[in-house]
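To keep things clear, I will list the structure first and then write my remarks on it.
Any read-out appearing in this document is the output of simple, stated calculations on the displayed coordinates, not a laboratory observation. Because the structure is a prediction, the values reported are computed rather than measured. Methodologically, a virtual Cβ is constructed for each residue, glycine included, from the backbone with ideal geometry; neighbour enumeration extends over all protein chains shown.
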């Protein structure tokens, strides 16, 4: 898995690119939480839930179904998030689904259960350039450093470039809209 920092980077950079008028601070926070929430499944290890179980790491919480449920919850809570139900659904849903998609790009683990509850099959993308991040205290090791370097190259850099392009597009669109006819 990429680190929780990298999972949160996707909605944070997207929110920064789209601006405060479109993405409130509360919605941005909800997106960051949604992006890291699937990894709460590691708590299952303490309760004897095996990695490969349906509710194990990268299991049900890494599914499209889970992302849709999180998006629906955000839509229901759109008023406290200071946005429309549609914006909450799409922004938080995108943040939530980004997590298993990034995990499917890593070179370790058992894959992600994208299609749960229809199937327990775990998927990886054919191309897996991201070094898998060690779980727990092993994160603070040489292997953890290699994972961070890999994430900077394969996630942060492209996300920042995309955010910059979106930001530039938004600024130009706003400048064009403010020009007198």
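Its Cα gyration tensor gives segment 1-50 an equivalent ellipsoid. The semi-axes, each the square root of 5 times an eigenvalue, are 28, 10, 5 Å from largest down. If R0 equals 25 Å, the separation of the Cβ atoms of residue 177 and residue 25 corresponds to a calculated FRET efficiency of about 0.60. For the peptides 34-44, 69-79, 119-129, the ranking by packing is 34-44, 69-79, 119-129, with the highest mean count of neighbouring Cβ atoms within 10 Å listed first.
Taking the alpha carbon gyration tensor of segment 4-175, multiplying each eigenvalue by 5 and rooting it gives semi-axes of 28, 20, 13 Å, largest first. Each label point was placed 7 Å from the Cα along the Cα-to-Cβ direction; for residue 86 and residue 146 their separation is 4.7 nm. For the chain, the longest principal axis of the alpha carbon atoms and the long axis of helix 64-76 meet at an angle near 40°.
Summarising the label geometry, the points placed 7 Å from Cα in the beta-carbon direction at residue 170 and residue 107 lie 3.5 nm from one another.
Sequence-distant contacts, meaning Cα pairs under 8 Å at least 6 residues apart, place the relative contact order of segment 4-175 at 24 percent.
Sorting check: for 51-59, 100-108, which peptide has the highest mean count of neighbouring beta carbons within 10 Å, and how do the rest follow? Don't jump to the answer; show the numbers that get you there.
Values: 51-59: 18.4, 100-108: 20.3.
Ranked from most to least packed, the peptides come out as 100-108, 51-59.
Using just its DSSP H runs of length 4 or more, each adding -39500 (n - 2.57), the chain gives a mean residue ellipticity at 222 nm of -16500 deg cm²/dmol after division by all residues.
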